[in-house]
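This report refers to the structure that appears directly beneath it.
The values are calculated or read from the model by the stated rules, or taken from the named source; none is laboratory data. None of the values given here were measured: they were computed from a predicted structure. Neighbour counts run over all protein chains shown; Cβ positions are idealised from the backbone, glycine included. When the accessible area is computed, the model is the full protein with side chains, heavy atoms only, and any ligands, DNA or RNA have been set aside. Shrake-Rupley method; radii C 1.70, N 1.55, O 1.52, S 1.80 Å.
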Amino acid sequence: MDGCPGRVWRSMAGMREQSWRRILALVGVLAIIVALSASGTVQELTEAVLARALVIIEAHPKLGIAIFVVASALSAMLAFFSTIVVVPVAVAAWGAPATALLLWISWLVGGCCSYAIGRTLGRRVTAWFVSRERVDHYAARLSARAGFWTILLFQLAMPSEVPGYVLGVLHYRFRVYLPALALAELPYAVATVYLGQRFLEGRAVSLALVGLAGIVLITLAYRLLHRRLDEGDQAPAPTS
């Protein structure tokens with residue numbers, strides 16, 4: 001029978017393998033988006049879809065915003081759900097600054113909801129939303145006393161649906177979690193809107209460069225996170 005160190009090692013190896021698969025998947029998705037952006041046929045189809053969508057949004061502006069916010073919040077909670085495909089529509093309807101703000105707020109709401117679920121309902125329920133293996137792995141390696149920078153790296157490195165559930169399960173300090181969440185999601189919200197703009201404009205080169213920069217950021221954050229975890233980074237216990 002394998003001992004505990006062997007199980008821990010296999011868990012770490014499995015998480016690293018999942019991370020590299022995720023990065024390769026992101027590169028593949030970026031390549032597809034860049035190719036579509038450079039296609040004249042796709043651009044014509046996009047313009048037709050946008051025109052129809054804008055008519056609907058202009059007829060129901062408040063409902064359009066509400067649906068976008070709720071859907072984006074859910075995308076921060078569910079691994080299989082994403083609103084990235086509707087970001088170009090939002091940019092065309094409300095402009096880049098407003099869309100980035102709505103996206104950022106939505107992701108904060110989603111992160112707070114996933115944290116609340118993890119904190120109040122525990123591992124059994126979080127397994128409905130994110131893999132039990134991943135929650136158990138990071139719940140074992142992190143701590144309720146982990147420092148702000150470790151949590152920030154955790155937010156930057158992981159898929160958006162993971163940190164809230166894990167830190168909720170750990171009963172991590174919400175007053176530290178929320179600023180880390182806000183700071184981590186801001187560049188991703190801005191970059192997502194920028195990519196949506198460039199897709200609409202058919203600017204494949206700048207789209208590819210910004211997308212690759214985002215993937216490099218995720219990779220770097222992942223490496224720094226695991227270096228800190230391997231070093232056993234912990235913040236001093238809170239006095240209150």
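Test of understanding: given the chain, find the longest segment containing no chymotrypsin sites (Phe, Trp or Tyr not before Pro) that are in a DSSP loop and have at most 13 other Cβ atoms within 10 Å. Write out the running numbers ahead of the final one.
Working: sites that count: 80, 81, 128.
In the chain, the maximal stretch lacking such sites is 129-240.
Expressed as a fraction of 2.2 N^0.38 Å, the rule-of-thumb size for a compact globular protein of N residues, what is the C-alpha radius of gyration of region 33-119?
Details: Rg = 14.6 Å, N = 87, 2.2 N^0.38 = 12.0 Å.
Working it through for region 33-119, the quotient is 1.22.
Work through the residues other than residue 170 whose Cβ is under 10 Å from its Cβ and net out their charges, Lys, Arg +1 and Asp, Glu -1.
Working: positive: 119, 145, 173; negative: none.
Its environment carries a net charge of +3.
Expressed in whole Å with the largest first, what are the equivalent ellipsoid semi-axes of region 75-194 derived from the C-alpha gyration tensor as the square root of 5 times each eigenvalue? Mind showing how you got there, number by number?
Details: eigenvalues 137, 46, 24 Å².
Here the semi-axes work out to 26, 15, 11 Å.
Mind running the shape call on region 72-130? Use the C-alpha gyration tensor, a ≥ b ≥ c as the square roots of the eigenvalues: rounded below 1.5 for a/c, prolate if a/b tops b/c, oblate otherwise.
Values: a/c = 6.09, a/b = 2.29, b/c = 2.66.
Oblate, because a/c is 1.5 or more while a/b does not exceed b/c.
Hey, any idea what % of the chain's accessible area is carbon plus sulfur with a 1.4 Å probe?
Numbers: 8760 of 12660 Å².
The C+S portion of the solvent-accessible surface of the chain is 69 percent.
Taking 30 Å as R0, compute the FRET efficiency from the Cβ-Cβ separation of residue 227 and residue 174 and round it to 0.05. Could the numbers behind the result be given before it?
Details: r = 26 Å, r/R0 = 0.86.
According to the calculation, E is roughly 0.70.
Which whole-number percentage describes the relative contact order of the chain, with Cα contacts under 8 Å and a sequence gap of 6 or more?
Values: 262 pairs, mean separation 63.2, N = 240.
In percent, rounded to a whole number, it is 26.
How large is the Kirkwood hydrodynamic radius of the chain, counting all unique pairs of alpha carbons, in Å? All intermediate terms of the calculation are to be shown ahead of the outcome.
Details: mean 1/r = 0.0524 Å⁻¹.
Mean inverse Cα-Cα distance, inverted, gives 19.1 Å.
Using a cut-off of 13 Å between beta-carbons, work out the net charge of the residues near residue 93 (Lys and Arg +1, Asp and Glu -1, residue 93 not included). Show your work: numbers first, answer last.
On the way: positive: 52, 62; negative: 58.
Within the 13 Å Cβ shell, the charges total +1.
Give the angle, between 0 and 90 degrees and rounded to the nearest 10, that separates the Cα long axis of helix 132-141 from the longest principal axis of the Cα atoms of the chain.
Result, in degrees: 60.
Suppose R0 equals 35 Å; then what is the FRET efficiency for residue 35 and residue 183 from their Cβ-Cβ distance, rounded to the nearest 0.05?
Values: r = 33 Å, r/R0 = 0.93.
The calculated FRET efficiency here is 0.60.
In Å³ and rounded to a whole number, note down the convex hull volume per residue for the Cα atoms of region 135-199. Don't skip to the answer; put the middle values down first.
Details: hull volume 5.0 nm³, N = 65.
Per residue, the Cα convex hull of region 135-199 comes to 77 Å³.
Before rounding to the nearest 500, sum -39500 (n - 2.57) across all DSSP H runs of length at least 4 in the chain and divide by the residue total; then give [θ] at 222 nm in deg cm²/dmol. Display every interim value, and only then the final one.
Numbers: 10 runs with 192 residues, N = 240.
It comes out at -27500 deg cm²/dmol, rounded to the nearest 500.
For an R0 of 22 angstrom, estimate the FRET efficiency from the Cβ-Cβ distance between residue 213 and residue 116 and round to the nearest 0.05.
Values: r = 32 Å, r/R0 = 1.47.
FRET efficiency, residue 213 to residue 116: 0.10.
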